[in-house]
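Please read the structure below before turning to the comments.
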Amino acid sequence: IRHPFGTAYLFTDGSTIQLQNVKAPVSEKVLQDRHFAWEKTKEPRKLYDIALDALAAGMTNEAENYCDELLKLIAGKKEGIAPELQRFAEVYTVAAPQIKNPAKQQAETELWKEQLVALSVTGTQANVQNSNHYALIYWDVPGDEVKRRMDMLETNFKNFYLWYALQGVVMKFPEKPMIAILAPRVKDVWDLARALEGRWISTDGFYSAEHNVLVLS
């Protein structure tokens, strides 16, 4: 059934309209207003919920700030703090420095550059761009595109560990920056898949669990 306000789909009997409630996505303004209201009460559980919603809305930096604020609020306290919040504080106390700071050891980029030359993936020597938790190996790629990819990888890293910290789950952090390869052509992605995984792929990117490397096009 089409209408100026939208389209409704009939149920399988051809006459009944099935309604489904859809939760509207949380906007940045809504979360800011909730955080402003929270400052009047300082209730830990409300800030915990705000941090979770910020993470779900893709507001990674805001979620991290809320987690930092929540940790300061409840760290060292026992009375009146829910068990899941106490668990969050224990986990995030350990996780926060590792989320914010670089990995302890250096990435094995030189070894991978040599291997890529041996595999004859490209005819020229690769470049390397490092961030806190990733080392990106790339060839002829504009600087702004390299930065965009690195920012996306770091955001994904932060999302992953923030979510587990909010669940009170301890996750192991990588001691070295993880290797990502930004292949210059889709064909090179396929060649790498055959060389590293020994198989054909139908996508323009893959993760090799055996070699612990991410390949992007």
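When segment 79-101 is limited to residues that are more than 21 Å from the chain's Cα centre (by Cα) and open to solvent by 60 Å² or more (accessible area, probe 1.4 Å), the one that is nearest to residue 47 (Cα to Cα) turns out to be 84.
When segment 1-57 is limited to residues that are in contact with a Ser or Thr (Cβ under 9 Å, 6 or more places away or on another chain) and closer than 30 Å to residue 77 by Cα, the one that is least open to solvent (accessible area, probe 1.4 Å) turns out to be 54.
Does residue 65 fit the bill of being at pLDDT 95 or above, surrounded by fewer than 18 Cβ atoms within 10 Å (Cβ to Cβ) and of a type outside the set (A, V, I, L, M)?
Working: at pLDDT 95 or above: yes; surrounded by fewer than 18 Cβ atoms within 10 Å (Cβ to Cβ): yes; of a type outside the set (A, V, I, L, M): yes.
Yes; evaluated as a whole, the condition is true for this residue.
Would you check if residue 60 is in contact with a Ser or Thr (Cβ under 8 Å, 6 or more places away or on another chain) and either within 15 Å of residue 165 (Cβ to Cβ) or not hydroxyl-bearing (Ser, Thr, Tyr) (or both)? So that I can check it myself, show each step before the final result.
Values: in contact with a Ser or Thr (Cβ under 8 Å, 6 or more places away or on another chain): yes; either within 15 Å of residue 165 (Cβ to Cβ) or not hydroxyl-bearing (Ser, Thr, Tyr) (or both): yes.
Here the answer is yes, as residue 60 does meet what is asked.
Every test in (1) under 29 Å from residue 177 (Cβ atoms); (2) modelled with pLDDT of 90 or more is passed by residue 53 save one, and that test is (1).
What helices (runs of 4 or more DSSP H) lie completely within segment 1-95 and have 3 or more residues being closer than 22 Å to residue 168 by Cα? Lay out the reasoning, then the answer.
Working: elements: 28-38, 44-56, 60-74.
By residue number, 44-56, 60-74.
Identify, from the list 158, 113, 104, the residue that is touching a residue at least 24 places away in the same chain (Cβ under 8 Å), over 22 Å from residue 64 (Cβ atoms) and not hydrophobic (A, V, I, L, M, F, W, C).
On the way: 158 fails: over 22 Å from residue 64 (Cβ atoms); 104 fails: over 22 Å from residue 64 (Cβ atoms).
Going through 158, 113, 104 in turn, the sole match is 113.
Here's the yes/no breakdown for (1) aliphatic (A, V, I, L, M); (2) closer than 16 Å to residue 157 by Cα; (3) out of contact with any His (no Cβ under 7 Å at 6 or more places or on another chain):
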{"site": "4", "(1), (2), (3)": "no, no, yes"}
{"site": "7", "(1), (2), (3)": "no, no, yes"}
{"site": "35", "(1), (2), (3)": "no, no, yes"}
{"site": "55", "(1), (2), (3)": "yes, yes, yes"}
{"site": "59", "(1), (2), (3)": "yes, yes, yes"}
{"site": "65", "(1), (2), (3)": "no, yes, yes"}
{"site": "95", "(1), (2), (3)": "yes, yes, yes"}
{"site": "100", "(1), (2), (3)": "no, yes, yes"}
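All of (1) modelled with pLDDT of 95 or more; (2) of a type in the set (Phe, Trp, Tyr); (3) under 30 Å from residue 137 (Cα atoms) hold for residue 88 with one exception: (3). State whether the residues of segment 116-126 include one that is at pLDDT below 95 and touching a Lys or Arg at 6+ places or on another chain (Cβ under 8 Å). Yes - at least one qualifying residue is present in segment 116-126.
The values are calculated or read from the model by the stated rules, or taken from the named source; none is laboratory data. These numbers come from a predicted model, not from an experiment. Quick reminder, even Gly has a Cβ in these numbers, built from the backbone with ideal geometry, and neighbours come from all protein chains shown. Surface accessibility is based on the protein's heavy atoms, side chains included, excluding ligands, DNA and RNA. Shrake-Rupley method; radii C 1.70, N 1.55, O 1.52, S 1.80 Å.
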